[in-house]
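Structure record follows, encoded as structure tokens.
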Amino acid sequence: MGAKKIVDEDEAIQWFFEGKTYAWMIDYYKKHYNTETSKSMWATFRYRKKLPRRNVRNSELIPWKVKEQHRYEYPVMMLRAEGRRRAGKKLTEVDAKRLASWKKDLRESGLVVHYDPDTEDGWFLIPRTEDDDELIHPPAVATGRQAQD
């Protein structure tokens with residue numbers, strides 16, 4: 001299995017805490033150890049070693065089960081960035097500026113994010129109501145991962 005390919009587990013664990021990407025680890029192993037690894041191998045290693053998740057899930061910001069075709073649209077990418085920010089994760093300078101600008105535009109326009117999985121576009125900016133959260137129009141029933149667990 002993949003763990004046998006890992007030359008130095010302590011080194012690999014340190015990379016996770018340094019925030020190295022799977023692509024970086026794969027490239028490093030190819031160049032330094034002449035060993036082919038994969039994203040799934042590194043993810044399995046992370047899971048088996050009980051290392052913290054690499055991504056942040058925030059069911060308050062994304063309470064919906066998001067369809068595959070809508071997962072990489074700008075509004076949900078910004079909601080994920082806000083989730084990382086709220087979790088204390090460091091954003092790149094570009095992402096931090098982009099997020100601040102997006103939130104400012106929403107606030108100044110009086111808009112929030114709405115998701116309708118049964119539409120082609122999925123994501124919409126709609127007028128804020130008193131029942132809305134800071135960034136989203138919450139669904140009547142949450143359908144995201146936390147709601148299913």
Fill in the blank from the handout: With x for Gly and Pro, the residue-by-residue ³J(HN,Hα) of region 67-78, computed from phi through the Karplus equation 6.51 cos²θ - 1.76 cosθ + 1.60 at θ = phi - 60° and given in whole Hz, is 5, 3, 5, 10, 6, 10, 7, 4, x, 6, 5, 5
Problem - Local net charge near residue 109, Cβ-Cβ under 12 Å (Lys/Arg +1, Asp/Glu -1) - result: +2
Completion exercise
Relative contact order as a percentage, the chain, C-alpha pairs under 8 Å and 6+ apart, gives 21
Completion exercise
Residues whose modelled amide H sits under 5 Å from the amide H of residue 111, counting only those 5 or more places away in sequence or on another chain, are 128
Problem - GluC sites (Glu not before Pro) within region 72-149, DSSP loop, no more than 10 other Cβ atoms inside 10 Å - result: 120, 130
Fill in the blank from the handout: Rounded to the angstrom and largest first, Cα extents along the principal axes for region 1-107 equal 51, 29, 23
Handout entry: GNM top mover of 84, 48, 71 - the chain, alpha-carbon springs below 10 Å
Key = 48
Problem - Rel. contact order, % - alpha carbon contacts under 8 angstrom, at least six apart, region 11-75 - result: 26
Handout entry: Charged-residue dipole, Cβ positions (Lys, Arg, Asp, Glu), region 1-93 about Cα centre, Debye nearest 20
Key = 340
Completion exercise
Summing +1 per Lys or Arg and -1 per Asp or Glu among the other residues with Cβ less than 13 Å from residue 75's Cβ gives -1
Practice task
Past 23 Å, Cα to Cα, is the threshold; run 4/30; 50/97; 39/97; 65/90; 4/39 against it and keep the listed order.
Solution key: 50/97; 39/97; 65/90
Completion exercise
Helix 39-48: inclination vs the chain longest Cα principal axis, degrees, rounded to 10, gives 90
Practice task
Taking the Cα centre of region 1-52 as origin, work out the dipole magnitude from +1 charges on Lys and Arg Cβ and -1 charges on Asp and Glu Cβ, in debye rounded to 20.
Solution key: 240
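Each reported figure results from applying straightforward, stated rules to the coordinates on display, with no laboratory input. Here the structure is a predicted model, which is why all the values come from computation and not from measurement. We place every Cβ from the backbone using ideal geometry, glycine too, and count neighbours over all the protein chains shown.
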